[in-house]
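In what follows, a structure is listed as structure tokens, so that the remarks can point back to it.
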Amino acid sequence: MTEELTCFKAYDVRGRVPDQLNNDIAYRIGRAYAEYLKPKQVVVGYDIRLSSQELCASLSRGLAEAGSDVINIGECGTEEIYFATSHLNVDGGIVVTASHNPADYNGMKFVRESSKPISGDTGLNEIKRLAQENKFTDCVEPGSVSFEDTQPAYIKHLLGYVDVPNLRPLKVVCNAGNGGAGPTIDAIEHFLPLKFFKVHHEPDGNFPNGVPNPLLEENRGPTIDAIRSEGADMGIAWDGDFDRCFFFDENGRFIEGYYIVGLLAQSFLEVEPGARIVHDPRLTWNTIEVAKEFSGEAVLCKTGHAFIKERMRIEDAVYGGEMSAHHYFRDFFYCDSGMVPWLLVAGLISKTGKKLSELVDERMRAFPASGEINRRIEEPLKLLEKIESLYSDGCNHIDQTDGLSMEFEAWRFNIRMSNTEPLVRLNVESRGDDELMKKKTAELLALMG
């Protein structure tokens, strides 16, 4: 009987080491990926977790024994694999990472040529099947394993997003959470007039200050404290593989990702009027309003990186944003980056002469939002049906692109099941009425129990 590999998820591989993911499974995943995609060359890299380098070596052995040449770029962030795959013009890329999962977890994220994501409906299930069966055809000529440093080219690419000579000497607090962002900041800071104050900066797979996940309120204190003590212009924090980027203003206030989506959309539309902006259904009104105001087109897309990237390619969208702090860029191979957003925001602060709080305050007042609230629900489909029935009177528009979105004259909400966890996620926003937003959020939470 074939062994079930529980580490395969909807978009990637994630599991506890060594029972759910180990060197043998990593090797089999390498063999399966190569057998499915038949790539001539594959880029691999790994995050700062203690098990990552060893798992990457086993993965590389599997790829090479299946006949693929492996280019190892070493310790890196997820976006560096996206960059290297397209920059080197190879057939695929795999990064060993578990992002913000607990310290004893690890995982992998996969792309094919042109940094296109591989997820459940685009090949990941087939890779899982082959890895589970563990019956691989013998390869006549194994591939080679070589090492390449793509960081200089990656840093040069990042610098292309910002007008370096016109940057003001801003003070920036950066909190890598002992994840992978630190070395990238060290590499790029020499080219910038910014003054960095580094918090939890050294990569450390033991995560002495907790696993980096700035979405958790309890993880934000050190960033806020540093902003206040240094009189910084803004703060940035990342998750472990730094494909998500979180912002704090000069007062130490955490800025919901939703408002950063609107800010970045505006910055692109000012340069390219008429461009398309892809966004998720959780919170939408601000993004739609920004697109209208700056002659762009807002395009609704199901939540999740694979869906956003595919839709961006179809629409040739200049930018895509999710309120979860994933930001996608046409010029970054339609992929998400945690480094490009803060460079763009530093450029906006420099260009406008405004503080970060001033850049987002008006939009936050115009469209107050609850932020994402998660609950464990036993029968989520029944709950969604109940809520739709209760709120159908007076509803102007119902959308089921992703979960249930219902719009009314002065407020709207989206409630959806998580793609990755047994949770139901709620988001509520209103048109300029903070009290109404809070009241409706409390109403819906009471129904969720």
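The values are calculated or read from the model by the stated rules, or taken from the named source; none is laboratory data. This is a predicted model, so every value here is computed, not measured. Ideal geometry is used to build each Cβ from the backbone, glycine not excepted, and the neighbour counts take in all protein chains shown.
Descriptive notes on the structure:
- Filter result for ASP243 (touching a helix residue (DSSP H, G or I) at 6+ places or on another chain (Cβ under 6 Å), modelled with pLDDT of 95 or more, charged (D, E, K, R) and within 19 Å of HIS326 (Cβ to Cβ)): yes
- Residue identified as within 24 Å of GLY257 (Cβ to Cβ), in a helix (DSSP H, G or I) and modelled with pLDDT of 95 or more among LEU359, LEU390: LEU359
- Scanning segment 364-387 for residues that are in a helix (DSSP H, G or I), of a type in the set (D, E, K, R) and in contact with a helix residue (DSSP H, G or I) (Cβ under 9 Å, 6 or more places away or on another chain) turns up ARG365, LYS386.
- Residue satisfying condition, being touching an Asp or Glu at 6+ places or on another chain (Cβ under 6 Å) and either in the same structural domain as PHE242 (by TED's automatic domain parsing) or touching a residue at least 12 places away in the same chain (Cβ under 8 Å) (or both), within set GLU113, GLU148, GLU133, GLU141: GLU113
- Subset tally (residues that are part of a loop (DSSP other than H, G, I, E, B) and over 21 Å from the mean Cα position of the chain (by Cα)) for segment 163-192: 6
- Residue in segment 197-207 that is of a type in the set (A, V, I, L, M) and either in contact (Cβ under 8 Å) with a residue 60 or more places away in the chain or assigned to a helix (DSSP H, G or I) (or both) present: no
- Matching residues, segment 90-111, being surrounded by fewer than 24 Cβ atoms within 10 Å (Cβ to Cβ) and either charged (D, E, K, R) or out of contact with any strand residue (DSSP E or B) (no Cβ under 9 Å at 6 or more places or on another chain) (or both): ASP91, HIS100, ALA103, ASP104
- Filtered residues of segment 409-442 (kept if more than 19 Å from MET364 (Cα to Cα) and surrounded by 13 or more Cβ atoms within 10 Å (Cβ to Cβ)): ILE415, ARG416, MET417, SER418, ASN419, LEU423, VAL424, ARG425
- If you go through segment 112-126 and keep only what is among the β-branched types (Val, Ile, Thr) and buried (at least 23 other Cβ atoms within 10 Å of the Cβ), you end up with just ILE118.
- Number of the exception - GLY231 against (1) touching a residue at least 60 places away in the same chain (Cβ under 8 Å); (2) under 30 Å from GLY74 (Cβ atoms): (2)
- Residue within segment 116-124 that is among the aliphatic types (A, V, I, L, M), outside any loop (DSSP other than H, G, I, E, B), outside the structural domain of VAL211 (by TED's automatic domain parsing) and over 25 Å from THR6 (Cα atoms) present: no
- Condition met for LYS292 (of a type in the set (Lys, Arg) and in contact (Cβ under 8 Å) with a residue 40 or more places away in the chain): no
- Restricting attention to segment 347-383, the residues being within 26 Å of LEU170 (Cβ to Cβ) and charged (D, E, K, R) number 8.
- Residue among SER324, SER295 that is within 27 Å of THR401 (Cα to Cα), modelled with pLDDT of 95 or more, in a loop (DSSP other than H, G, I, E, B) and hydroxyl-bearing (Ser, Thr, Tyr): SER295
- Taken over segment 409-435, residues that are touching a strand residue (DSSP E or B) at 6+ places or on another chain (Cβ under 9 Å) and farther than 25 Å from LYS9 by Cβ amount to 9.
- Filtering ILE308, ILE314, ILE349 for residues that are within 30 Å of GLN151 (Cα to Cα), part of a helix (DSSP H, G or I), over 16 Å from the mean Cα position of the chain (by Cα) and without any contact (Cβ under 8 Å) to a residue 60 or more places away in the chain leaves a single hit, ILE314.
- For segment 67-76, the count of residues that are closer than 25 Å to ASN213 by Cα, of a type in the set (Asp, Glu), surrounded by fewer than 24 Cβ atoms within 10 Å (Cβ to Cβ) and in contact with a Phe, Trp or Tyr (Cβ under 7 Å, 6 or more places away or on another chain) is nonzero.
- Among residues of segment 18-50 being within 24 Å of the chain's Cα centre (by Cα) and surrounded by fewer than 22 Cβ atoms within 10 Å (Cβ to Cβ), the one that is farthest from VAL211 (Cα to Cα) is GLN20.
- Considering (1) touching a residue at least 40 places away in the same chain (Cβ under 8 Å); (2) exposed (fewer than 14 other Cβ atoms within 10 Å of the Cβ), the lone condition that PRO169 does not fulfil carries the number (1).
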